Amino acid sequence: MQTIVGMRRLEETLQRSAGNGDNWHMTWARDGKQYVVLGDGKGWPDAEGRTGPTFHTRLYGLHGDPPALTFAHLHGYPDLIGEESPPQNRFYGAGVLAIDDGIYHFLGAPNPPSDQPAPRYVGSKLVFSPDQGHSWNNQDGSALCWENWADRNRGNMMFFDEPDEAFSLITLLQMGKNYEHNSDGYVYGYAPFGNGEGAANQLAMFRVAKDRILDRSAYEFFVAHNRDGSARWSKHIEDRGVVHAFSGCYWPWTCWHPSVVYNAPLGVYMMANWGMGCSADGPAMDAPSYLGFWLAETPWGPWRQVYEETEWTPGGDLQARAYQPQISPRWIARDGRSFWLAFSDFQRVDGEYPYYGFNCQQVEILTA
């Protein structure tokens, strides 16, 4: 078996979308389409059912493969509208997973608005649809509602008031269409170990039986690697360990939020992650960001880095301010030797942000 030794972004494949927003967590449903999470944007002007406002979070249907992509507005997803909702009602979309008729979606709960001192995520809300996105419920089965800050608690949030505010930004492992490549019956989630320097660049992890995703008591937390390559788990979040540490953390409260996807043809787990760019004065969005790829033989690693780019510049554009890389679970080549990466770009051009939308690019896997 050949060894994967690196990755190469294929600049000629770079595709910009007319959409507006960021985030782009994706999952691959059993009917063949992907669901994609939009954050802080208006979406796509030509999307079927589009209503026009700016959303804090929205879930879209994504049909097709690059370059022919079609985005569809999901009518059943309750609006989180940026211009109309007060700051205390905000949630921001994170990991999403489609299994059978169900769609499970975690949303990060911030504390103050992002323009206030010390903004950060402090908890996670889980919502789900039992009917492929036509209707949505809270985790307890009640009709979905967006609680304000004063009403959020451990009863209506999956994670809240946890040690170090852990599991406030959750990524869910993707394992093919309808999660079909999973064989152990577990769903796996990843999140920064906690808030702040020295914790945000450390990765924590949970697992839960896929038929008990809505039951917090069923969650187990990664503690440590065993010598035989297996993992040790605990029911207690206080016992959680570090499943991986990313070097050199510049913490802007949204970095080191990974994308993890299983590459079935190659039998390997792939992780993409990013870090804030660094200018002469320190961390800054006005400098190119960091991009890395890691591989593992199990969902819990150990993770081996095979690619690093300290100045991530898609298309060779030195003004690019790319961030939030997401590996598409559907757009992996049949032989596993390439995949597509989605991302946002906060580059400013003449006072506008023309690439603040769904950008994607093919990545080649190099072997020796």
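Answer with yes or no whether GLY64 is over 24 Å from PRO258 (Cβ atoms) and either modelled with pLDDT of 90 or more or not in a strand (DSSP E or B) (or both).
Details: over 24 Å from PRO258 (Cβ atoms): yes; either modelled with pLDDT of 90 or more or not in a strand (DSSP E or B) (or both): yes.
Against the criterion (over 24 Å from PRO258 (Cβ atoms) and either modelled with pLDDT of 90 or more or not in a strand (DSSP E or B) (or both)), GLY64 qualifies.
Candidates are the residues of the stretch 316-368 that are of a type in the set (A, V, I, L, M, F, W, C), modelled with pLDDT under 95 and part of a strand (DSSP E or B); the one that is nearest to GLY43 (Cα to Cα) is ALA322.
I'd like the full set of residues that are part of a loop (DSSP other than H, G, I, E, B), at pLDDT 95 or above and surrounded by 14 or more Cβ atoms within 10 Å (Cβ to Cβ), limited to the stretch 232-256.
Selection gives ARG240, GLY241, VAL242, VAL243.
Matching residues to (1) touching a Ser or Thr at 6+ places or on another chain (Cβ under 8 Å); (2) of a type in the set (Ser, Thr, Tyr); (3) farther than 22 Å from GLN34 by Cβ; (4) crowded, with 18+ Cβ neighbours inside 10 Å:
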site: ASN153; (1), (2), (3), (4): no, no, yes, no
site: MET158; (1), (2), (3), (4): yes, no, yes, yes
site: TYR190; (1), (2), (3), (4): yes, yes, no, yes
site: PHE193; (1), (2), (3), (4): no, no, yes, yes
site: ALA199; (1), (2), (3), (4): no, no, yes, yes
site: GLU220; (1), (2), (3), (4): yes, no, yes, yes
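Of all residues in the stretch 305-315, those satisfying the criterion of being part of a strand (DSSP E or B) and either crowded, with 21+ Cβ neighbours inside 10 Å or touching a Phe, Trp or Tyr at 6+ places or on another chain (Cβ under 6 Å) (or both) are GLN305, VAL306, TYR307.
Looking at (1) within 15 Å of SER289 (Cα to Cα); (2) in contact (Cβ under 8 Å) with a residue 24 or more places away in the chain, which is the only condition THR310 fails? Against the list (1) within 15 Å of SER289 (Cα to Cα); (2) in contact (Cβ under 8 Å) with a residue 24 or more places away in the chain, THR310 comes up short only on (2).
The residues of the stretch 333-368 that are in contact (Cβ under 8 Å) with a residue 60 or more places away in the chain, aromatic (Phe, Trp, Tyr) and within 21 Å of HIS56 (Cα to Cα), listed by number, are PHE343, PHE346, TYR355, TYR356, PHE358.
Among strands (runs of 3 or more DSSP E) lying entirely in the stretch 3-55, which contain 2 or more residues that are surrounded by 16 or more Cβ atoms within 10 Å (Cβ to Cβ) and in contact with a helix residue (DSSP H, G or I) (Cβ under 8 Å, 6 or more places away or on another chain)?
Working: elements: 4-9, 20-28, 34-43.
Output list is empty.
The values are calculated or read from the model by the stated rules, or taken from the named source; none is laboratory data. Since the model is a prediction, treat every value here as computed from it, not as a measurement. Positions of Cβ are generated from backbone atoms using ideal geometry, with glycine treated the same way; all protein chains shown enter the neighbour counts.
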